Structure formats: structure tokens, C-alpha cells
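Asks: Supplied in C-alpha cells, the structure appears directly below.
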Amino acid sequence: MPQKLLKFVSVDKAMPQKRLASERRRDFDEIYREFAAEKAAEQAGRCSQCGIPFCQVHCPLHNNIPDWLKLTAEGRLEEAYEVASATNNLPEICGRICPQDRLCEGNCVIEKGFSSVTIGAVERYITETAWEQGWVQPAKPRRENGRSIGVIGAGPAGLAAAEQMRRKGYAVEVYDRYDRVGGLLVYGIPNFKLEKHVVARRQALYEAAGIRFTLNTEVRDLEALRARHDAVLIATGVYKAREMAAPGIGLAGIVPALAYLTASNRVGFGDKVPEFESGVLNAAGKNVVVIGGGDTAMDCVRTAIRQGAKSVKCLYRRDRANMPGSQREVAHAEEEGVEFVWLAAPEAFIGEGRVSKVRAHRMHLGIPDSTGRQVPQPIEGSTFHLDAELVILALGFDPEDVPGLLAAPDLRVTRWGTLKIDFRTMMTSLDGVFAAGDIVRGASLVVWAIRDGRDVAEQMHRYLEARHSAALAAE
Ligand code: FAD
Ligand code: SF4
Ligand code: SF4
């Protein structure tokens with residue numbers, strides 16, 4: 001039998017085919033095509049089956065990557081899917097949007113010299129095949145256990161917890177203020193990274209498993225939910241956009257990133273979006289300046305290109321090596337025509353009622369602060385101007401006032417405003433109320449939200465079992 005593994009010396013790294021930038025610029029479809037079966041097996045076969053797989057260590061879900069790669073290389077895809085889905089509730093989504101260069105692939109031992117195994121693309125391929133073949137089945141419990149949980153937030157943390165708890169026999173009800181399931185998967189992340197039918201397909205699966213979704217419902221009274229359910233999970237994410245102070249910041253044409261991306265995603269769904277139609281949240285024909293260097297900024301610049309902007313520039317105060325966003329995303333953006341203005345910060349926004357220019361200055365990186373990051377310092381006399389009829393602020397997100405919003409003043413928060421939990425039990429300061437995802441961690445990643453959702457489900461189950469046993473003993 002021919003050798004199916006350890007082929008990294010003879011087979012080069014290959015991603016699934018990437019669509020041409022000239023084509024990508026004109027639509028919102030995902031940029032990678034699917035692997036063909038032989039290609040996936042060939043790429044999986046590059047794995048050297050490490051004794052200590054650093055890819056697995058650096059995957060937040062500790063996915064059993066070497067095993068599923070081996071099974072894929074051998075053509076045993078149904079088993080590969082079983083292994084991949086045993087630790088991940090949304091493997092096809094992580095395969096698409098995890099920053100693999102910073103996680104599994106960035107730590108693959110053959111990365112140095114031979115280029116890493118394309119782990120994310122194979123994970124996506126395995127799970128897409130499972131969907132096609134009907135191997136993905138709803139998490140139906142063996143029996144109902146008669147207890148119920150309420151989940152606030154239908155983002156990846158809430159969804160992973162809901163699925164895990166449903167599997168254990170709980171009645172699960174998920175509440176969300178949005179009209180669709182997915183949180184930032186539907187209204188933050190653009191289609192060209194994650195097409196929305198991928199999320200809708202999951203929603204149908206959860207519904208088939210018996211999970212109830214109560215949408216268009218902003219929870220404002222935590223006590224009412226506690227009275228209705230045996231335990232409650234808060235997985236509400238972080239949505240307060242960081243602001244900046246600068247002359248002219250109030251001019252028309254300066255918009256927050258999430259409002260811009262949400263409008264674009266809604267247009268993709270075919271919804272009527274007045275602010276898009278009026279041009280407020282539409283980049284068509286404009287010179288666009290995006291301020292920030294994270295993944296949200298990358299999504300904004302690439303969306304603006306697709307909307308037909310005249311020019312798109314990204315202004316970031318540090319350099320390329322020190323930006324928080326994924327290098328892979330920067331490369332995609334550059335191919336699509338985005339210009340990066342590194343080491344530059346805005347000073348003022350200029351215009352008559354509406355912005356027409358950004359005044360900015362050059363920066364250099366000074367001495368490191370207590371976190372070890374070099375602090376950007378302005379260079380005197382380096383002022384320059386950029387034309388801008390649309391400025392998008394992508395400066396990051398903080399938590400909203402959750403105790404205030406949920407009318408729960410006893411819910412304790414950290415000094416950053418995230419919910420305070422006991423890191424062993426994942427319970428908040430209120431008995432039977434748990435929290436997970438960005439609202440605990442601060443703005444993070446989908447894969448961490450899934451990890452937290454899975455962990456919190458274990459803890460909620462443990463808590464409810466203990467309470468149940470105590471009640472039986474007291475009878
Ligand atoms: P969310 O996904 O934010 O979901 C929270 C849900 O709670 C929302 O649906 C919200 O409507 C709901 N909610 C809030 N308050 C209430 C209430 N009171 N009542 C009812 N419902 C409520 N991560 C990656 O790994 N890869 C990426 O490429 C990536 N790109 C990103 C791009 C953008 C533009 C942004 C903003 C984030 C991106 N992230 C990415 C980060 C990732 O999306 C988040 O870390 C992740 O979605 C957090 O999951 P969550 O479940 O904690 O919260
Ligand atoms: Fe890599 Fe993300 Fe998949 Fe983990 S979940 S193996 S980090 S792509
Ligand atoms: Fe395979 Fe790379 Fe993981 Fe080693 S680190 S098991 S080569 S994917």
C-alpha cells in the first residue's frame with residue numbers, strides 16, 4: 001500500500017483555489033473554492049503525525065487534528081468528521097474564519113521551511129462533505145431530563161452551549177435581540193469570509209434538535225428569565241464601539257464599523273436598509289478611509305472595495321508587523337486594491353457639515369510599555385491629508401453596561417466591564433446564572449466563544465445535577 005502520510009517533503013503546501021482578486025472585488029462570495037477530494041487527501045497527507053502535535057496544543061478546542069488528517073489522507077471521511085465534530089460545534093465555520101496563521105497552522109512543526117499543513121481548509125472540507133452526505137445530524141437527546149435553561153445571545157458561545165445542553169436532555173430556549181441566529185457570524189463577519197447559508201443551515205439543525213429560538217427579543221429583565229428556567233446563560237457579546245476624540249469627529253460621513261458591516265450584511269440578505277440606500281452606510285463612488293488595524297478594520301476595507309469605492313485606505317498607527325489583524329487578511333485586502341497607510345494616525349476630520357478630508361500625521365514606534373508593546377509616538381511636522389467622503393472607525397469594542405441592561409444590579413463586572421465569573425464554575429455573582437464568550441473575555445474569536453460555550457455547558461450541567469441530587473436527598 002502506498003505511503004499516505006509524511007508527504008510534506010514531496011508535496012508542496014496548497015490552499016484551495018483562491019478566486020482572482022479582479023473577480024472577488026465585484027461580489028461578496030467566499031474567496032476560496034472547495035478542495036477537490038484528491039487534493040484534500042494529498043494535503044492532509046503532508047502531516048508528519050507528530051508525537052506532541054503543537055497544532056492541537058494551540059487550537060483553543062484542542063481538536064484532534066493529526067487523527068482527522070490521517071483519516072482524510074486515507075479517504076475515511078465519515079470517521080474524520082466524527083473526530084472533527086467531537087470537539088467542535090462549528091467546524092466548517094472555524095475552518096473558514098479562524099486566524100489559523102496565529103493558531104493551529106502557525107504552530108505546525110513543518111511550518112518552518114516546508115509551510116504548514118492546511119488544517120483549516122481540510123477541516124472545512126471534511127465538514128462540508130459531511131453536510132453533503134447527510135452525516136451531520138441534530139443533537140437529539142436520548143431522554144428529556146425535565147429541566148430547562150435559558151440562553152441570552154445566539155452567537156457562537158450561546159449556540160455551542162445550547163447544543164451541548166440539548167444533547168444532555170435539557171429543554172433549551174435561546175433569546176436574541178436580532179431577527180436571525182448567529183450573532184456576529186451573521187451581522188459582523190462579511191459574506192466573503194462566511195456565506196450566511198452556512199449559519200442558516202446550523203440554525204435549522206438546532207431547531208430540528210428541539211432548541212427553541214425566541215428572536216427579536218431583547219432581554220431586559222434577568223429575574224424574569226431566572227424564574228422561567230433552572231439556569232440562565234448570558235452570552236451577549238461586546239458591542240460598545242470605542243470612540244475617539246478629534247476635531248471634526250461629529251461630521252456626517254464618519255460612521256462606526258459595526259453599523260457599516262451590519263448594513264452590508266443586511267443588504268446581502270435582501271433586507272431593506274434605508275441608511276444604505278441613502279448612501280450613509282454605502283461606500284460606492286467614495287474615497288474611504290478606515291481607521292484601525294484589527295480584523296474588523298480588514299472586513300470594512302474589503303467590504304468598501306466590493307461596494308465600489310473610488311479608493312480605500314486603511315490608517316493604522318503601528319506597522320504591519322505590529323497590527324492585531326491577521327496577516328492573511330491583509331494580503332487578501334492588498335490583492336483586492338486596499339492601500340495601507342502604516343504608522344499613521346488621524347489628527348482631525350475636515351469638511352463643511354460632512355467630512356471631505358482626514359488630516360493625519362506619521363508615527364514612529366517608541367519604547368515598549370508595561371505590556372511589552374512599543375508605544376506609537378507622533379512625528380512632529382509630518383502632517384498630511386487624505387481625501388475621504390466616508391470614514392469608518394474600527395477601534396475595537398467594549399462591553400455595554402450588562403447589569404444595567406438586564407436590570408440586575410447584583411451582577412458583578414470586572415474593571416473592564418466584562419462579566420465577573422468564578423473561573424472554575426463559570427458562574428457569575430448570581431446563583432444559577434452563568435456567562436461565556438466575548439462578554440467574559442472581551443472581544444475575541446469565534447473559536448474561543450465555542451470553547452467557552454462547551455465549557456460552560458459542562459459547568460451548568462454539573463451545577464444542575466448537584467442541585468437535583470440535593471433536592472432528591474431532601475425529599
Ligand atoms: P456574539 O457573536 O456577539 O453574539 C452575542 C449575541 O447576543 C448577539 O446575537 C446579540 O444580538 C445578542 N444579545 C446581546 N444582548 C442581548 C440581550 N440583552 N437580549 C437578547 N440578545 C442579546 N472571530 C474570528 O474567529 N474570526 C473572524 O474572522 C472574526 N471576524 C470578526 C469580524 C468582525 C467585524 C467582528 C466584530 C468580530 C469578528 N470576530 C472574528 C470575533 C467573533 O465574531 C466574536 O469573538 C464572537 O462572535 C463572539 O461570540 P459571542 O457568542 O460571545 O458573541
Ligand atoms: Fe485550527 Fe480553528 Fe480548526 Fe482549531 S478550530 S483546528 S484553530 S481552524
Ligand atoms: Fe501534523 Fe503539523 Fe500537527 Fe505535526 S503540527 S501533527 S505536522 S499538522
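Asks: Lys pairs in the range 7-133, Cα-Cα under 16 Å, at least 8 apart or on separate chains: how many?
Replies: Counting lysine pairs in the range 7-133 gives 7.
Asks: OK, next. With every protein chain kept in place and ligands, DNA and RNA left out, what is the accessible area per residue of the range 348-395? Probe 1.4 Å, answer in Å².
Replies: Accessible area per residue, the range 348-395: 57 Å².
Asks: Which shape class, rounded, prolate or oblate, goes with the chain when its Cα gyration tensor gives a ≥ b ≥ c as root eigenvalues, a/c under 1.5 marks rounded, and past that a/b bigger than b/c marks prolate?
Replies: Because a/c hits 1.5 or more and a/b fails to exceed b/c, the chain counts as oblate.
Asks: Given labels modelled 7 Å from the Cα in the Cβ direction, how far is it in nm from GLU400 to ARG228?
Replies: 1.7
Asks: In square angstrom, rounded to the nearest 10, how much accessible surface does GLU218 have for a 1.4 Å probe?
Replies: Accessible surface of GLU218 is approximately 80 Å².
Asks: Okay, next question. Using mean Cβ contacts within 10 Å as the protection proxy, how do 330-340, 287-297 order, highest first?
Replies: So the peptides 330-340, 287-297, ranked by packing, come out 287-297, 330-340.
Asks: When only Cα pairs under 8 Å and 6 or more residues apart are kept, what is the percent relative contact order across the chain?
Replies: Here the relative contact order equals 15 percent.
Asks: How large is the helix-only mean residue ellipticity at 222 nm for the chain, computed as the sum of -39500 (n - 2.57) over DSSP H runs with n ≥ 4, divided by its residue count, in deg cm²/dmol to the nearest 500?
Replies: Computed mean residue ellipticity for the chain: -10500 deg cm²/dmol.
Asks: Now, a different point. Relative to the present Cα-Cα distance, how much length would full extension add between GLU74 and ARG467 at 0.36 nm per residue of separation?
Replies: The GLU74-ARG467 span can extend by a further 136.8 nm.
Asks: With a 10 Å radius around each residue's Cβ, average the other Cβ atoms per peptide and rank 147-156, 416-425, 396-405, highest first.
Replies: In decreasing order of mean packing, 147-156, 416-425, 396-405 become 147-156, 396-405, 416-425.
Asks: Please give me the summed charge of the neighbours of GLY95: other residues whose Cβ is under 12 Å from its Cβ, Lys and Arg +1, Asp and Glu -1.
Replies: Its environment carries a net charge of -3.
Asks: Also, quick follow-up: What number, in percent, do you get for the relative contact order of the range 243-397 if the mean sequence gap of Cα pairs under 8 Å and at least 6 apart is divided by its residue count?
Replies: After rounding, I find 29 percent.
Asks: Multiplying the sequence separation of ALA245 and ASP431 by 0.36 nm and subtracting their Cα-Cα distance, what value in nm do you get?
Replies: Result for the pair: 62.9 nm of gain on full extension.
Asks: Starting with the highest mean, order 265-273, 440-448, 321-329 by the number of other Cβ atoms within 10 Å, averaged over the residues of each peptide.
Replies: Those peptides, ordered most packed to least, come out 440-448, 321-329, 265-273.
Asks: Something else: Share of the chain's accessible area from carbon and sulfur, percent, 1.4 Å?
Replies: Roughly 51 percent, rounded to a whole number.
Asks: Please report the accessible area of LEU225 (heavy atoms, 1.4 Å probe, ligands and nucleic acids excluded) in Å², nearest 10.
Replies: The value for LEU225 is about 10 Å².
Asks: Per residue, how large is the accessible surface of the range 76-220? Use a 1.4 angstrom probe and give square angstrom.
Replies: For the range 76-220, the per-residue accessible area is 36 Å².
Asks: While we're on this one: Just the number, please: percent antiparallel of the DSSP beta bridges in the chain, rounded to the nearest 5.
Replies: Within the chain, antiparallel bridges account for around 40 percent of the total.
Asks: Related question: Using the Kirkwood radius over Cα pairs, work out the Stokes-Einstein diffusion coefficient for the range 12-137 at 20 °C and 1.002 mPa s, in µm²/s as a whole number.
Replies: 146
Asks: Relative contact order, percent, of the range 93-148 when contacts are C-alpha pairs under 8 Å separated by at least 6 residues?
Replies: Rounded, it is 30 percent for the range 93-148.
Asks: In nm, to one decimal, how far is the ASP27 label point from the ARG212 one, both placed 7 Å along Cα→Cβ?
Replies: Calculated label separation equals 4.0 nm.
The values are calculated or read from the model by the stated rules, or taken from the named source; none is laboratory data. Quantities reported herein were computed from a predicted structural model and do not represent experimental measurements. Note that we place each Cβ from the backbone using ideal geometry, even for glycine, and neighbour counts take in every protein chain shown. The protein model used for the area step is the full one, side chains on, heavy atoms only, and it has no ligands, DNA or RNA in it. Shrake-Rupley method; radii C 1.70, N 1.55, O 1.52, S 1.80 Å.
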